[in-house]
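Report on the following structure.
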Amino acid sequence: MAKVSEITVSDVVNYLRLYETSEQDENFIQNCIEVAKSYIKNYTGVEDLDTNTDFVIVVYLLCQDMYDTRTINIDNNKLNTVFETILGFHRVNLLWLTILLKMLASIGIKFKLSK
């Protein structure tokens, strides 16, 4: 599997080593795939996830975590360091920096960016 767009429910079922799945399981896994893709896009700012094969394993890992916990939510405070490291390498959005600067400004610490 070389592209995120090519990941199917069957691929995730095989990755999870599930021997039997119900229609309900397969629908849940499909939702997990979509949520994982959306999460990666929002976290990194990368729109075309097929540009990097690293994202494939992150989709599988996120799906595994959501399937194991039976939840579609991804808690950033409990994010696996493997996900964070891989996604951090590809992060192009600097929303985190804006949030950090606002937090620091709220407690009286100000920064002046210079060129």
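Quick note: the coordinates plus some simple rules give every number you see, no bench work behind them. All values derive from a computational prediction rather than experimental measurement. So basically every Cβ, Gly included, is an ideal-geometry build from the backbone, and we count neighbours across all protein chains shown.
Nearest 0.05, what FRET efficiency do Met103 and Asn42 give at R0 = 22 Å with Cβ-Cβ as r?
Between Met103 and Asn42 the formula returns 0.65.
Mind checking which aspartates and glutamates have their Cα closer than 20 Å to the Cα of Lys37? Skip sequence neighbours fewer than 8 apart in that chain.
Those aspartates and glutamates meeting the cut-off are Glu6, Asp11, Asp25, Glu26, Glu47, Asp48, Asp50, Asp54, Asp65, Asp68, Asp75, Glu84.
By per-residue mean of other Cβ atoms within 10 Å, what is the highest-first order of 20-28, 32-40, 50-58?
Sorting 20-28, 32-40, 50-58 by mean packing, highest first, produces 32-40, 50-58, 20-28.
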